[in-house]
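Below: one structure, written as structure tokens.
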Amino acid sequence: MSASVAASPNWLGSPQHFVAGLVLGIVVALAAARRLRLDPLVAAALAIGLTSAAEIVVELVEWPLAYHSRVHPTAYLDTLADLANTLVGAAVGAALVVWWLRRRRAS
């Protein structure tokens, strides 16, 4: 196996990050739209931002626990993949909420 393949991230190896981002994005967007009475797009932006910030905190806590005593060739790329998966999940979840709220208001 070449060094570039060994050091590449496994983008599909952490679906839990996508699912967590999706669920948290939906929950925050719905709560912001309903409880705070924010415009759906503003609620979606808030959901994506809060979900991404939560994932950054998770990765900051995880980093020293997982990589503190050894050099790991994929550590940076795995972390970036986790962040990206969460961001995409949050964006999909927030977009679903915007679509649902607009569809509901139109009917």
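The values are calculated or read from the model by the stated rules, or taken from the named source; none is laboratory data. Everything numeric here is computed off the predicted structure, so don't read it as measured data. When we count neighbours, we look across all protein chains shown, and the Cβ atoms used for this are built from the backbone with ideal geometry, even at glycine. Side chains are part of the model used for accessible areas, which takes the heavy atoms of the whole protein and leaves out ligands, DNA and RNA. Shrake-Rupley method; radii C 1.70, N 1.55, O 1.52, S 1.80 Å.
With each run of n ≥ 4 DSSP H residues scored as -39500 (n - 2.57), what mean residue ellipticity at 222 nm is computed for the chain after dividing by its residue count and rounding to the nearest 500 deg cm²/dmol? It lands at -27000 deg cm²/dmol.
Per-residue extension of 0.36 nm, minus the Cα-Cα distance of Arg105 and Ala31, leaves a gain of 25.0 nm for this segment. Surface composition of the chain: carbon and sulfur atoms hold 70% of the protein heavy-atom accessible area at a 1.4 Å probe.
With every protein chain kept in place and ligands, DNA and RNA left out, what is the accessible area per residue of the chain? Probe 1.4 Å, answer in Å².
Details: 6930 Å² over 107 residues.
Solvent-accessible surface per residue comes out at 65 Å².
When Rg and Dmax are taken over the Cα atoms of the chain, they come to 16.7, 58 Å.
So if a site counts as exposed when it's one of the trypsin sites (Lys or Arg not before Pro), its DSSP state isn't H, G, I, E or B, and it has at most 16 other Cβ atoms within 10 Å, what's the longest stretch of the chain without one? Don't skip to the answer; put the middle values down first.
Working: sites that count: Arg35, Arg37, Arg70.
Answer from the scan: 71-107.
Note on the chain: GNM, Cα springs under 10 Å; of Val88, Val61, Val23, the largest mean-square fluctuation is that of Val61.
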